[in-house]
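One structure is given below, encoded as structure tokens.
Values in this text are rule-based calculations from the coordinates and carry no lab data. Just so it is clear, the structure is predicted and the values come from calculations on it, not from any experiment. With ideal geometry, Cβ positions are generated from the backbone for all residues, glycine too; neighbour counts draw on all protein chains shown.
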Amino acid sequence: MSAVETGVVAFATPPFAALADWGTSNLRIWLVDEKGTVLDEAQSGDGMAVCSRDNRFATVLESHLDSLAAPKSLPVIVAGMAGARGGWREAPYAETPSAVDRLYEQAVSPDHARPVHILPGLCQKTTGPFDVMRGEETQIAGVVAGGLATGIICMPGTHCKWVDLEDGKVQRFRTAMTGELFDLIAKQSILRLSIPADEKAETHIAAFEAAVTEAFLPGFSLATGLFSIRAATLLSSPAPHEAASRLSGLLIGAELAGMRNFFEGGKTVHIVASPALAGLYLRALTQVGAKAEPLDGSALVRTGLFAAAKALI
């Protein structure tokens, strides 16, 4: 076997690039060959929130690459919060409408010994209300690289992104703070008394579906719907997970009601999320009569980064 020696590791094929997904809380790095095959990978909690305190981005990156025995000259393609204001070096937002497979053209490089290319995020100024994303656009680039150039993309998470994609361009998008609201309400509002902190993430299906339907009705009030969760705990004996599932259903249902202009008219919603979260959104969208299908989101950010690497290296 012809191997390339790097430190204590012998790679059967030479690494082509390092791909880095640098989020607020976490950092993921993959070494890939010229076909995009993963040769090695690392993950840690060294997100922007940690690195920005004393500008440790370069030190953290090199520490991880050393642990992977990456060659000192190996180029790195970075997506996410390392390019945010307050990150390693700001990569200014590209404005919609924007082709996600051309975002590499606006990449920036920090002052560093090895070649590092930080990809920009996307912003919305003229095609709808002010909005921004940083990191998700690389997943969308992965969707396009996988063959889906036109469609509605839903990306649930702490901040759920709804994207109108046409011919590989993001035409418009909206962000819903659904995941963050769930966490805040469940842990810091009066509903913390109804939702045990150690409750496992299981779903009471009937409660979830009923809440989604309720939230999608005309005239629904989220503020009053939320308090009904606490009242039910005081006046009845809810089943395990019922309160948390009702909270989830009300929030997701309210999100869908606000985003219905993305999927009305029979458009299929392509869901990019972890299997558990994708399953909830699939159930909710089906509940309100929309068409939806999940995409395998586990490798999309890597696919988008690799597409940029092939263009930049």
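Brief remarks follow.
- For Lys169, a cut-off of 17 angstrom between C-alpha atoms picks up these aspartates and glutamates, skipping any fewer than 8 places away in its own chain: Glu95, Asp101, Glu105, Asp131, Glu136, Glu137.
- Lys, Arg +1 and Asp, Glu -1 on Cβ, resulting dipole of segment 67-221 about Cα centre, debye, nearest 20: 500 debye
- Here the ratio of the Cα radius of gyration of segment 44-99 to 2.2 N^0.38 Å is 1.29.
- Debye-sum result for segment 178-296 in log10 I(q)/I(0), which assumes one identical scatterer on each alpha carbon, at q = 0.11, 0.15, 0.17, 0.19 Å⁻¹: -0.35, -0.65, -0.82, -1.01
- Computed [θ] at 222 nm, deg cm²/dmol, the chain (DSSP H ≥ 4; -39,500 (n - 2.57); rounded to nearest 500): -10500 deg cm²/dmol
- Over segment 178-296, relative contact order from alpha-carbon pairs under 8 Å, at least 6 apart, %: 28 percent
- From least to most packed, judged by other beta carbons within 10 angstrom and beginning with the fewest, Glu34, Glu255, Glu202 follow the order Glu202, Glu34, Glu255.
- Dipole magnitude (debye, nearest 20) for segment 158-313, charges at Cβ of Lys, Arg, Asp, Glu: 300 debye
- Of interest is the spacing of the C-alpha centroids, which for segment 13-38 and segment 157-212 amounts to 29 Å.
- Neighbours of Val32 by Cβ distance under 13 Å: Lys/Arg scored +1, Asp/Glu scored -1, total -1.
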